[in-house]
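Right, one structure below, let's go through it.
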Amino acid sequence: VTVTGSRREISKYAADDIFAHVDVSNITKADRYALDVIIDLPEGIKHVSTEPAKINVMVDETATVEVDLEVILHYGAKEYFTVHEPEPNVESILVTGPRSLLNTISKAQVTYDLGDVTTSINFNAPIILLDGDGSEISNPYIRTNVNEVMVRVPVTMKKALPLVAEYTADDLDKYEYL
């Protein structure tokens, strides 16, 4: 902002005394707008110019959507371990923000590397939002009700044990052998 005035008047004020703003009171729908910058000056100072004279503003409707959560695990396990389906503490999350951005969200995802699995595991991991192409969506105007999820991954072990039948002398006369 460039201003003019007497040295005495201008020296009384600092940049904080000049207020620049745009008027959004006539905006009634989501769209892009080029709005004039309005300058409020103290008494005794005259406005010469403003750069930029217009500001581009994007206006959108705020909405909330529910997004399903997907857990992706990377791990190694010997054949005698069974890694069961992960059990997250939430199945979906609520995402709030501009509707046009929310419409691009395909899913919420947690990815975790378990390493070599030998026992059940519990972990906390951050949630990321993905678009339809699998690219991460990161935007300061999007908020979630949960930022990280706790996941339980049950792991069981299989083991084949040989069984040997033992008979007592009392049992032998009760059964017929083929």
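In table form, for the structure just shown:
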read-out: Heavy-atom surface of region 1-98, accessible at 1.4 Å and reported per residue (Å²); value: 72
read-out: Spin-label model distance (nm) - residue 1 vs residue 53, 7 Å beyond Cα toward Cβ; value: 1.7
read-out: Cross-link reach list, aspartates and glutamates versus residue 12, counting only Cα pairs under 18 Å and skipping chain neighbours closer than eight places; value: 40, 43
read-out: Estimated vicinal HN-Hα couplings, Hz - region 157-163 in sequence order (Karplus 6.51, -1.76, 1.60; Gly, Pro = x); value: 10, 10, 8, 8, 10, x, 10
read-out: Region 9-88: trypsin sites (Lys or Arg not before Pro) falling in loop per DSSP and having at most 15 other Cβ within 10 Å; value: 12, 29, 78
read-out: Cα-Cα pairs of the chain separated by more than 26 Å (percent); value: 64
read-out: For region 108-115, Karplus couplings with θ = phi - 60° (6.51, -1.76, 1.60), whole Hz, Gly/Pro x; value: 9, 9, 10, 10, 8, 9, 7, x
read-out: Peptides 105-113, 124-132 ordered by average Cβ neighbours within 10 Å, highest first; value: 105-113, 124-132
read-out: Cut-off under 5 Å, modelled amide H: who pairs with residue 107 long-range; value: 130
read-out: Proximal charge balance of residue 44 [Cβ under 12 Å; K/R count +1, D/E count -1]; value: +1
read-out: Listed residues 151, 22, 65, most fluctuating in the chain (Gaussian network, C-alpha, under 10 Å); value: 22
read-out: Candidate lysines - alpha carbon under 30 Å from residue 107, same-chain residues fewer than 8 apart omitted; value: 29
read-out: MRE, 222 nm, helices only [DSSP H, n ≥ 4, -39500 (n - 2.57), over the chain, to nearest 500]; value: -1000 deg cm²/dmol
read-out: Sulfur and carbon atoms: percent of accessible area, the chain [1.4 Å]; value: 49
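The values are calculated or read from the model by the stated rules, or taken from the named source; none is laboratory data. Predicted model only: the values in this text are computed from it and were never measured. Note that we place each Cβ from the backbone using ideal geometry, even for glycine, and neighbour counts take in every protein chain shown. Ligands, DNA and RNA are excluded from the accessible area calculation, which covers all protein heavy atoms including side chains. Shrake-Rupley method; radii C 1.70, N 1.55, O 1.52, S 1.80 Å.
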